[in-house]
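Notes to accompany the following structure.
The values are calculated or read from the model by the stated rules, or taken from the named source; none is laboratory data. Predicted model only: the values in this text are computed from it and were never measured. All Cβ positions, glycine included, derive from the backbone under ideal geometry; neighbour counts span all protein chains shown. To get the accessible areas, we keep the full protein, side chains included, count just its heavy atoms, and leave off ligands, DNA and RNA. Shrake-Rupley method; radii C 1.70, N 1.55, O 1.52, S 1.80 Å.
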Amino acid sequence: MIDPYLALKWIHILSSTVLFGTGMGTAFHMWMAHRRGDARAIATVAGNVVLADWLFTLPAGIVQPATGFTMALMAGFDPRESWLVATYALYLLALACWVPVVILQMHARSLAAVAAAEGAPLPPAYHRIMRRWFVLGWPAFAALIVVFWLMVAKPSLW
């Protein structure tokens with residue numbers, strides 16, 4: 001019989017891998033399609049990226065805090081320990097960036113699909129969306145990297 005804490009830890013580690021890995025992979029593909037400037041390719045890639053966000057990123061993003069908080073309680077950590085509070089804040093920052101990113105990806109997909117169907121260039125609105133998408137991605141990824149460090153180091157921050 002497997003230890004419940006160990007089972008949660010495995011789920012937590014696997015979901016963090018899915019969360020971060022899917023984020024990196026989809027961001028890379030979205031950026032590379034954007035750089036090519038081919039509206040048809042952008043529409044296809046953005047559609048796949050949005051689908052991956054719903055199928056992989058969202059479930060992993062729900063599993064992460066649920067398993068993490070449960071493990072912290074099971075291990076006897078005070079939920080108000082500084083490293084946990086910092087983790088909550090950084091995770092919320094990543095979420096606050098991710099939600100608009102998904103919305104921006106859906107808009108980019110739509111604008112690219114229209115441009116492809118009309119044989120027109122990508123409109124200025126598409127380029128504004130991608131600038132916002134790019135800017136929002138950095139704090140989300142940085143926050144998750146720091147969360148990884150906090151999970152491993154569990155430092156006393158204050």
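Within the accessible area of the chain, the carbon and sulfur atoms contribute 74%, probe 1.4 Å, all protein chains present.
Direction-averaged projected area, Cα convex hull, segment 112-158: 4.8 nm², rounded to one decimal.
In sequence order, segment 26-32 has phi-based couplings of 5, 4, 4, 5, 5, 5, 5 Hz under the Karplus curve 6.51 cos²θ - 1.76 cosθ + 1.60, θ = phi - 60°, and Gly or Pro positions carry x. Rounded to the nearest Hz, the phi-derived 3J(HN,Hα) couplings of segment 70-77 under the Karplus curve 6.51 cos²θ - 1.76 cosθ + 1.60 (θ = phi - 60°) are 4, 5, 4, 5, 4, 7, x, 6, where x marks glycine and proline. Charge tally for ALA112 (other residues, Cβ to Cβ under 14 Å; Lys, Arg +1; Asp, Glu -1): +3.
Per residue, how many Å² of accessible area does the chain show with a 1.4 Å probe?
58
Can you tell me the order of 74-86, 55-67 when each peptide is scored by its average per-residue count of other Cβ atoms within 10 angstrom, highest first?
Descending mean neighbour count gives 55-67, 74-86.
Provide the net charge surrounding ALA41, with neighbours chosen by a C-beta distance below 14 Å and charges set as Lys +1, Arg +1, Asp -1, Glu -1. Once all neighbours under 14 Å are counted, the net charge is +3. Ordered from longest to shortest, the equivalent ellipsoid semi-axes for segment 1-138 are 37, 15, 9 Å, each the square root of 5 times a Cα gyration tensor eigenvalue. Calculated mean residue ellipticity at 222 nm for the chain: -29500 deg cm²/dmol, from DSSP H runs with n ≥ 4 weighted as -39500 (n - 2.57), summed, divided by the residue count and rounded to 500.
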